[in-house]
1. Where the only charges are on Cβ atoms (+1 Lys, Arg; -1 Asp, Glu), what is the dipole of the stretch 152-273 about its Cα centre, to the nearest 20 debye?
2. Regarding the stretch 95-137, what's the average projected area of the Cα-atom convex hull, expressed in nm²?
3. Amide H to amide H, which residues 5 or more places from Val74 or on other chains are under 5 Å from it, using H placed in the peptide plane?
4. Where is the GNM fluctuation largest for the chain (alpha-carbon springs, 10 angstrom cutoff): Val50, Val68, Val135?
5. Out of Val273, Met31, Leu113, whose Cα points farthest toward the positive end of the dipole of the chain (charges: +1 Lys, Arg; -1 Asp, Glu; placed on Cβ)?
6. Give the shape of the stretch 134-219 as rounded, prolate or oblate, defined through the alpha-carbon gyration tensor: a ≥ b ≥ c are the square roots of its eigenvalues, a/c under 1.5 means rounded, and otherwise the shape is prolate if a/b is larger than b/c and oblate if not.
7. Whole Å is fine, so just give me how far the alpha carbon centre of the stretch 88-133 lies from that of the stretch 173-242.
8. State whether the chain is rounded, prolate or oblate according to the following rule on the C-alpha gyration tensor (a ≥ b ≥ c being the square roots of its eigenvalues): a/c under 1.5 gives rounded; otherwise a/b larger than b/c gives prolate, and the remaining case gives oblate.
Amino acid sequence: MRTNAYQIRSNDHSNNYKQQRIKQKHSKTQMFASAIPNCIPYDPTFAHEVAVIIHDGLRRMVANQEDVFYYITVMNENYGHPGIKPGQEEGILKGLYLLNEGGKENKLRVQLLGSGTILREVIAAADLLREDWKVDADVWSAPSFTLLARDGQDVERWNMLHPADTAKKSYFEQSLEGTDGPIVVSTDYMRTYAEQVRAFVPKGRSYKVLGTDGYGRSDTRAKLREFFEVNRYFVTVAALKSLADEGKIKPEVVAQAIAKYGIDPSKPNPVTV
């Protein structure tokens, strides 16, 4: 697609769509966009992210006359917007920035990542982890896993072609290497979307991805997020399980969380329904 344009799509998957095929199709759109080299795809959550992205598009497409176009998925759900903080612009455009730094009251810590409408579930999961399980969580907004992956692939290529030089690190690795705890991601897309950056996870760190693989079967946002196991409760359980896998908490704590949040451990895998 050789053109300059903003393609903006209302793409809140977890709403009251009754046609299951719609959800199944929408969960792939960011992956479709990732396959087009001159497409700059974003899945922002907040108005300040959209503003920064639109401004960057004007710079690149109008001022610089670059041969690119922007694909932006936006939401149709009402919620509050925190506003931008100084210095967040670069991270928004690169695809990842620290939205909320967790507290320092507890010994345990995790890194929670999300994009689009599900980032708000991730924010809520951080509250649950702190209040119910004494686990602090840093929350990262990831407006574009595709751009993070492209940056990582470019760094890999440079390192391969410059073996005698000091190896570079991807922006994703640089952002997270100084943090503590397992990394947990939840988005409103197929797991493949966030899996694009697995190769660039800092060494020795666990990386758990939740996503919406399969067909949607629900009449409300809350039910669909529960069905796909991407809501705040599943993010919390995924974080606790990652801590248990690292030996930082007992497995029984994860079982307690599953029971506390009313999760049925025998429910079918969403991708099989």
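1. Using only the charged Cβ atoms, the result is roughly 260 debye.
2. Numbers: hull surface 11.5 nm².
That works out to 2.9 nm².
3. Arg9, Ser10, Asn11
4. Most flexible of the set in this elastic network: Val68.
5. It is Val273, whose Cα lies furthest towards the positive end.
6. Working: a/c = 2.91, a/b = 1.58, b/c = 1.84.
Oblate.
7. 12 Å
8. Numbers: a/c = 1.70, a/b = 1.24, b/c = 1.38.
Oblate is the answer for the chain, as a/c is 1.5 or above yet b/c matches or exceeds a/b.
The values are calculated or read from the model by the stated rules, or taken from the named source; none is laboratory data. Every value quoted in this text rests on a predicted model; they were computed, and no experiment measured them. Neighbour counts are summed over all protein chains in view; Cβ atoms, including those assigned to glycine, are modelled from backbone coordinates with ideal geometry. Surface areas here come from the heavy atoms of the whole protein model, side chains and all, with no ligands, DNA or RNA. Shrake-Rupley method; radii C 1.70, N 1.55, O 1.52, S 1.80 Å.
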